[in-house]
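Below: the structure, in structure tokens.
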Amino acid sequence: MSCSTNDCGRTSQQDQTEEEEEHSYSLYEFYLNSLKTKNNESEKNEEIEICFWNKLQDDVEDVFDESGFATRPDRRFRHTAVYSAKEDAMYVFGGFVEEGNESQNDFWKFDIPSRTWTEIYPTNANQVWPSPRMEHCAAMISLTPTRFKLFETLMGQEIIPSHQENSATTYLHNQMYIFGGYSSQKTQFNNDLYCFDFTHYKFFKINYKVTQQLFYLNVKRVEYVKERSRHTMVASGDEKLYILGGMTFLSHCLMDVWEYDIDTQTMTCLWQDRNEDESGSDLTKSNEEEQDHPEPRCSHSCVYSRKENALYVFGGIRRGIKSFQELWKFDISHKLWIAVDMHGFVPVERFEHISFMLNDLSDYLFIYGGYNYRHGCLDYIYQFCLSTKTWIRLQNRNYTVGGKFASTGSILFVDYNETPISRVGMSCIVTKDYHTIIFGGKSCTLLNDAFVCFLPGHGRLPSVTLEFHNTLYRMVLENTNHQDTSLSDCCIVTFHPL
């Protein structure tokens, strides 16, 4: 049987062989093997860094207490999550759940330090609240007191005095924006925009305006934002939101870029596929015609780079058949698409994955998970350097003394008991300490577990692990005997002295 080959010259059969050759080593054996390999290949001058997944919560089926109240979210996927640095908490909204096989509009807060969930309810029957939905998008922004007063004025709200406005530290008002999605109950797509304001602690429906703009490519005006699901939305600082692509009625895929201005509450179409007809149907180009922009797609991923003022789009799927492996860059200033020439261990095609940057000034983006028809669910993390245009794959198994783990310069070492199962449709947030947290998703079944990951060379080492880290490092150097150590409270270990 012939086996498929990816852009790196590797085959799925080779990947399978490597996984079959892996063995479970103790943590100490792993460090010894790391040191031996590093000494044997010192001429490469490659620094080996190690990071850990850590399970925050198990996957559970029964989420109800003895009184019948839910203590945490049901298993779900195609939901959204945002992070509040002020509270060190993750907020989860909506998604598709097993119970009733319907989309939801429940709203949960996960306090990260205590690992506890709290459900947020509307205070009265007349309070504004988004309808049940899945495959929507959410983003978090923060407003200064001056801009927050403008928001209150636009929404007709009584202005809340900010006693910290003149303090040394600027008081920021957090807001979560939710756009679009699909309602399984009503079988409808949405183009509505909601804002949950954490100061007033309630939802507002934004009646945004659409600006009229003439396009040189299309020579036509865009009068409204099409209803959609499986799109992406990212924040540019705290001023703009960018909405890209997605799927609308009759499974038509989109490729347009919309910019939402927070202060003026206006939507402006920055770019639209010239091959999309008036009905929303994406017209297929011939294979011979060179693409100067991405094809219409949904279930892709997108990140914003403030350093380049650009959007990076990876993967996705079109009409449920064609999935993508390409990386595109949208230059916001020039409203221009650029196909990124990639090198290294390029990820396979995928959709319903996640991508993220640890901050929008970083030189690295990461992708995790997803699905394709050749391999099924995917569970590796890939790192892409924007400046060198190079991918590396961060391993999620402990490699043996063979030295294969040193080939990329970095590895991801995971305790087998703390490894997240491969999944699609999960949510992802990045904390103020640059830790990445994933929640839920779907594998063989829906999930409601949570994992935190520390990525190599990024973020802060928790102080609680410093003593353990230095002790372990000295013991490895001295080649002394070491008994197994519990790592239940250890988030990361980096293989170099501090």
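The values are calculated or read from the model by the stated rules, or taken from the named source; none is laboratory data. As the structure is a computational prediction, the values presented were derived from the model and not from experiment. Cβ coordinates were reconstructed from backbone atoms using ideal geometry, including for glycine residues, and neighbour counts include every protein chain displayed.
Checking each residue in segment 328-355 for being assigned to a strand (DSSP E or B), in contact (Cβ under 8 Å) with a residue 12 or more places away in the chain and within 22 Å of residue 240 (Cβ to Cβ) picks out 328, 329, 330, 331, 337, 354, 355.
Selection of segment 432-449 for residues being farther than 16 Å from residue 52 by Cβ, under 13 Å from the mean Cα position of the chain (by Cα) and of a type in the set (A, V, I, L, M, F, W, C) yields only 439.
With respect to (1) closer than 18 Å to residue 393 by Cα; (2) surrounded by 14 or more Cβ atoms within 10 Å (Cβ to Cβ); (3) not hydrophobic (A, V, I, L, M, F, W, C), the lone exception for residue 341 is condition (2).
Yes or no, residue by residue, for (1) of a type in the set (Ser, Thr, Tyr); (2) in contact with a Lys or Arg (Cβ under 8 Å, 6 or more places away or on another chain); (3) crowded, with 21+ Cβ neighbours inside 10 Å; (4) at pLDDT below 95:
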residue: 400; (1), (2), (3), (4): yes, no, no, yes
residue: 412; (1), (2), (3), (4): no, no, yes, yes
residue: 425; (1), (2), (3), (4): no, yes, yes, no
residue: 432; (1), (2), (3), (4): no, no, no, yes
residue: 446; (1), (2), (3), (4): no, yes, yes, no
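Among the residues of segment 109-131, those that are under 30 Å from residue 242 (Cβ atoms) and part of a loop (DSSP other than H, G, I, E, B) comprise 112, 122, 127, 128, 129, 130, 131.
The set of residues in segment 132-158 being within 30 Å of residue 354 (Cα to Cα) and outside any strand (DSSP E or B) consists of 132, 135, 136, 144.
Being outside any strand (DSSP E or B) and either at pLDDT 70 or above or in contact with a Ser or Thr (Cβ under 7 Å, 6 or more places away or on another chain) (or both) is the filter here, so list the residues in segment 159-177 that pass it. Spell out the reasoning first.
Going residue by residue through segment 159-177, those that are outside any strand (DSSP E or B) are 159-172.
If the condition is that a residue be outside any strand (DSSP E or B) and either at pLDDT 70 or above or in contact with a Ser or Thr (Cβ under 7 Å, 6 or more places away or on another chain) (or both), then 160, 170, 171, 172 are the ones that fit.
Where strands (runs of 3 or more DSSP E) sit wholly within segment 7-108, those with at least 3 residues that are modelled with pLDDT under 90 occupy 53-57. Looking only at residues in segment 79-118 that are over 20 Å from residue 436 (Cα atoms), of a type outside the set (Ser, Thr, Tyr) and touching a Pro at 6+ places or on another chain (Cβ under 6 Å), the one that is surrounded by the fewest Cβ atoms within 10 Å (Cβ to Cβ) is 105.
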